[in-house]
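In what follows, a structure is listed as C-alpha cells, so that the remarks can point back to it.
The values are calculated or read from the model by the stated rules, or taken from the named source; none is laboratory data. Remember, it's a predicted structure, so these values are computed and weren't measured experimentally. Virtual Cβ from ideal backbone geometry, glycine too; neighbours counted across all protein chains shown. With ligands, DNA and RNA removed, areas are computed over all heavy atoms of the protein, side chains included. Shrake-Rupley method; radii C 1.70, N 1.55, O 1.52, S 1.80 Å.
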Amino acid sequence: MSTTEAPLTDGFHLMIDALKVNGVATIYGVVGIPITDLARLAQASGIRYVGCRHEASAGHAAAATGFLTKQPSICLTASAPGFLNALPALANATVNCFPMVQISGSGGRGFADLQRGGYEELDQLAAARPFAKAAYRIAHVGDIGRGVARALRTAASGRPGGVYLDIPGAVLTQAVDAELAATTYWRITEPAPSQLPSMEAVDRALSLLAEAERPLVVLGKGAAYAQADVQIRTFLEATRLPYLPMPMAKGLLPDDHPQSVAAARALALAKADVVLLVGARLNWLLGHGEPPQWSPDVTFIQVDIDAGELDSNQPIAAPLIGDIESVTTALIERAPIHRLAVPPAWRDELHAHRASNVATMQRQLDENPSPMKFENALRAVRDVLAERPDVYLVNEGANTLDVTRNVIDMQRPRRRLDSGTWSVMGIGLGYAIAAAINSGDPVVCITGDGAFGFSGMELETICRYGLAITVIVMNNGGAYRGDEVNLASADPSPTELAPSAHHEHLIEAFSGVGYHATNPEELESALRDALNARAPTLIDCVLDPSAGSDSGDLTHLSPKSVVSPA
Ligand code: ADP
C-alpha cells in the first residue's frame, strides 16, 4: 500500500464495530467456515466469546442472556449445518419472547440460487424465516451497520424475539475505506421504547378489579422480563390482591409471600371472577382460559406489549397495551381512586387452601423412600437452596421439571429459568452457561437424565470456562421412568436409558468434580460442597427407576393407542 492510500477496514471489523457500539458484550457460538476469524477478532476486540459444543446451546445461552438482561445477545454459527443446529434455539427464543440475534455465515448466493452444489449451499434466509421474529441478509459491506441495527432493534422492541441475520462469507472479506465505513454503523436509540397505556384503559381495568368478589393477578415471564420488580410489588402490596406466579415469574416476589396463591393454584384459577394477566398468555399453560380450569364467567384484564395477543383465546374485557413498567406505574397511580379491596371471604378461602396443600406436600416430602424418589431428593436440594437466594436455578425434564417447580421456592426475580412455553428439553446447560456468565453467581441446573442428553456435552464448555455451575442429574434410568420393559425383543424399551449410569464420570473427563448421591444426606452434602467450591460440578442423583410418570404432569397430552396391545 502506498502512503497516500486511505486505511482500509473490512466486513469482519465492521461487524464487530457495529456490535460493540450497541453494547454487545458477549457472543455465544461454535466456529466454522466462514466465521472462525470473526470469533477470533471479536475476542481480540474485547467482546467475550464463549465457544460452545453445539449451536443449539449457544443459541439457548444467547436467548437466556436476553431474558436476564433485556439486551439481545448473539449466537454466532457457521453455514448450513451449523446454522440449522441453532434454529431450535432461535425458534424457542421467539416462542418465549426472549430477544436474541442468530448471526450465521453463509456461502455464495450464486451457488445456492442456481443449486450448483456449492460448499454447504443452503438458502439460510428462507430457512430461518418461519422460526424467527424477523430474518435479514446483508448483501454488501456497507450494509453491515444497518443490518446489525435492524436485527438488534427488532429483537428487543415490542414483543421481544429471535432475529436471524445472514452474513455471506464474501461480505466479511470485502475491504472498504475505514473512514467512510465508520459512518455506516450507529448505536440504536432506546432499543425498547416505553409504551404507555391510556388512562381510560387503566381506569377500566381498575374498576373491574374493584367490583370483583374473587380477584386474582397472574404474573408471567413477561413480568419477570420487564424488570419492573419494584412497581409490581408495590402495586400488589398496596392492593393486597392475591397473585399466582407462572414458573419463570417465581421469585418476582419471594415465593413465601403471604399474597402468593401458588400452593392454591387450581382453586384460584377455578374460582377467580376477575383476573389481571401481567405478561402471561392465555395459552396451553393456562388452559386457554377455558372451563373446567377456569370459571365460565371469568373476566380477563390483560397487560401485554403486543396488542395482537389479546382475544387470542378469550375476550379481554380490559386491554392494557403497554410495557409492564409503564402500565404498573399507571395502575399504582390510579388504584387509590378505585379503592380496591379484596373480600375477606376470598382471601380466607385461598389461605386455608394454601395451608392445607402446603401441609400435604410437606408430608410427601417427609417420606423417605430408598432408593430416592423425586420428592425426598428435591427436599434435600430445597433445604440447601433455601439458604442460597443468590443461586440461579435452571430446570428441565418432565417429572424433574414438575416436582422441582413445586418444591423449590425462589426468593429473587429472574433466578429461575426453565423449559418455558414449549416445555422444551435441551435448554439446560446453555441457559446455565448464560446465567453463570452474566451474573458471576452460582448456578444449579436440575435436569432429568433424559433431558440432560440434549446438551450434556456442554459439560466440557463449563469446565473449559471454569464456570460455577452444578448440574444435578435426576437419574432414574429413563425418559420419564426407567422400569419399562420391552417384551418384543432384547432391545431396551423406547423410554429406557442405560441402567446404573454414573453421570459424574462425564464431568471428570474434563477435570470437573463429580458426585454420586444415593440418599438425601449425600445429595445435600454434595450440593453444599459444590456451591462452596464455586467450580464445575455434576451430582448424579440416583433415583428409583419406578419414580415418575409418562410425560410428568402432561400425561393427558400424550396420546395413547385405543387398541389394546396384541
Ligand atoms: P408465561 O409462560 O410465564 O405465562 P408468556 O411467555 O406466555 O408467559 O407471556 C409473556 C408475555 O409477556 C408475552 O405475551 C409478551 O408479549 C409479554 N411481554 C414481554 N415483555 C413485555 C413487556 N416489557 N411489557 C409488556 N408485556 C411484555
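Listing for the model above:
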quantity: Any hit, the range 330-344, residues being over 30 Å from Ala210 (Cβ atoms), hydrophobic (A, V, I, L, M, F, W, C), part of a helix (DSSP H, G or I) and in contact (Cβ under 8 Å) with a residue 60 or more places away in the chain; calculated: no
quantity: Only listed residue being closer than 22 Å to Gln71 by Cα and either in contact (Cβ under 8 Å) with a residue 60 or more places away in the chain or among the hydroxyl-bearing types (Ser, Thr, Tyr) (or both), chosen from Asp17, Asp37; calculated: Asp17
quantity: Candidate set: the range 193-212, residues that are over 23 Å from Lys271 (Cβ atoms) and of a type in the set (S, T, N, Q); chosen: the one farthest from the ligand (Cβ to nearest atom); calculated: Ser198
quantity: Qualifying residues in the range 280-299 (those that are within 13 Å of the ligand (Cβ to nearest atom) and open to solvent by less than 10 Å² (accessible area, probe 1.4 Å)) - the one nearest to the chain's Cα centre (by Cα); calculated: Ala280
quantity: Tally, over the range 213-224, of residues that are more than 11 Å from Ala280 (Cα to Cα), of a type outside the set (A, V, I, L, M) and either within 12 Å of the ligand (Cβ to nearest atom) or open to solvent by less than 10 Å² (accessible area, probe 1.4 Å) (or both); calculated: 1
quantity: Identity of the residue in the range 264-279, closer than 26 Å to Gln227 by Cβ and open to solvent by 10 Å² or more (accessible area, probe 1.4 Å), that ends up nearest to the ligand (Cβ to nearest atom); calculated: Gly279
quantity: Candidate set: the range 313-329, residues that are more than 9 Å from the ligand (Cβ to nearest atom) and in a loop (DSSP other than H, G, I, E, B); chosen: the one surrounded by the fewest Cβ atoms within 10 Å (Cβ to Cβ); calculated: Pro315
quantity: Residues of the range 502-542 classified as small (Gly, Ala, Ser), over 28 Å from the mean Cα position of the chain (by Cα) and assigned to a loop (DSSP other than H, G, I, E, B), total; calculated: 2
quantity: Ala451 being of a type outside the set (Ser, Thr, Tyr), modelled with pLDDT of 95 or more, closer than 21 Å to Ser511 by Cβ and not in a loop (DSSP other than H, G, I, E, B); calculated: no
quantity: Residue ranges of helices (runs of 4 or more DSSP H) in the range 80-143 with at least 2 members open to solvent by 60 Å² or more (accessible area, probe 1.4 Å); calculated: 80-96, 109-114
quantity: Residue satisfying all of: in the range 1-45; modelled with pLDDT under 95 and of a type outside the set (A, V, I, L, M, F, W, C); least open to solvent (accessible area, probe 1.4 Å) among these; calculated: Ser2
quantity: Checking Gln231 against (1) open to solvent by less than 60 Å² (accessible area, probe 1.4 Å); (2) among the polar types (S, T, N, Q); (3) away from the ligand (no atom under 16 Å from the Cβ), the condition it does not meet; calculated: (3)
quantity: Given (1) among the charged types (D, E, K, R); (2) part of a loop (DSSP other than H, G, I, E, B); (3) surrounded by 15 or more Cβ atoms within 10 Å (Cβ to Cβ), number of the condition Glu349 does not satisfy; calculated: (2)
quantity: Residue, nearest to Ile316 (Cα to Cα), within the range 174-192, restricted to residues that are within 16 Å of the ligand (Cβ to nearest atom) and surrounded by 12 or more Cβ atoms within 10 Å (Cβ to Cβ); calculated: Ala192
quantity: Positions within the range 154-170 being within 16 Å of the ligand (Cβ to nearest atom), assigned to a helix (DSSP H, G or I) and either basic (Lys, Arg) or in contact (Cβ under 8 Å) with a residue 40 or more places away in the chain (or both), in sequence order; calculated: Ala155, Ala156
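Yes/no per residue for (1) within 16 Å of the ligand (Cβ to nearest atom); (2) surrounded by fewer than 19 Cβ atoms within 10 Å (Cβ to Cβ); (3) closer than 27 Å to Glu496 by Cα:
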site	(1), (2), (3)
Met361	no, yes, no
Leu385	no, no, no
Val391	no, no, no
Val403	no, no, yes
Gly428	no, no, yes
Met457	no, yes, yes
Gly466	no, yes, no
